[in-house]
Amino acid sequence: MLASSRRTRATRLPRSPLAGLVIALLACVGLSACTTTDESPPPAPTAEADTAAPLPEGGDIGAGTYLVTGFTVPFEVTVPEGWQSFGWGVLKEQAGEWAVFVNFGNPGFVPTDACAWQGALVAVDPSPEAYVDAMTAQASTETTPPVEVVMGDYSGFEFDYRVESDLDITECDQVHVCLWSDLADECARWYSMTSERETERVLDLNGELALIAVGEFVSVGPELTKEARAVFDSIEFAPEE
């Protein structure tokens, strides 16, 4: 049951150049052929290293700072013990299930209605303003007023996103709510439970629309929420030369 739940949640996270080998990672759940004699996490980057180690494509990771290169501008993210990588993001479990996450993506399409999303995916310009306008106008979901943010040399907006509290997801297309996609005819990022929510930060990386989100798969306590937010806030982009 747990393995099935993980595979379902993996498809709700965005496909992007950072995807790596997440399919292979999930396929190994419960298969002895995918195990090794050493199941310890890869060694974390050391403080003495000149540069951070690349974020592994999947599996448990040690506490430390990692380099992510899926966007046109690389960035570093710092995680404490107990987190996992899925190539285009990191997550932490609680009671054996996915609980909180920080992920990365390149939205290109936003449905006008997140529930009745089939045939409603509309292309958005690769700018934070255009993306925020589309998300705040989206039916079946709720957003907080966007606030301007600056990360190093790059600027954009940040806002909270959630499903409308009275929405019945079982009545939505394919029984899920579609946030956005990188494809014109298929949803790439969705929720299947009303408990899911996130804070999105969208930036203009010299013409590339980059999204970084922190959120919850299920309702969690304030301590885990704070830990996930600290991972989110640890992200630093390399300065322009």
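Close amide H partners of Glu186, meaning residues 5 or more places away or on another chain with modelled amide H under 5 Å apart, do not exist here.
Looking only at Cα atoms, what is the convex hull volume of region 105-234 per residue, in Å³?
Numbers: hull volume 12.5 nm³, N = 130.
About 96 Å³ per residue, rounded to a whole number.
Amide H to amide H, with H built 1.01 Å from N, Val124 comes under 5 Å of Phe109, Val110, counting only residues 5 or more places away or on other chains.
Using only alpha carbon pairs under 8 Å that are at least six residues apart, calculate the relative contact order of region 95-210 and give it in whole percent. The partial results should precede the final answer.
On the way: 226 pairs, mean separation 35.1, N = 116.
Relative contact order here is 30 percent.
Whole Å is fine, so just give me how far the alpha carbon centre of region 79-119 lies from that of region 133-163. Region 79-119 and region 133-163 have Cα centres spaced 16 Å from each other. Subtracting the Cα-Cα distance of Ser195 and Thr143 from their residue separation scaled by 0.36 nm leaves 17.2 nm. Loop-located GluC sites (Glu not before Pro) in region 70-140 (DSSP state not H, G, I, E or B) with no more than 16 neighbouring Cβ atoms inside 10 Å: Glu81.
Any read-out appearing in this document is the output of simple, stated calculations on the displayed coordinates, not a laboratory observation. It should be emphasised that the depicted structure is a prediction, and the values quoted were computed from it without experimental measurement. Reconstructed Cβ throughout: ideal geometry from the backbone, glycine too, with neighbour counts over all protein chains shown.
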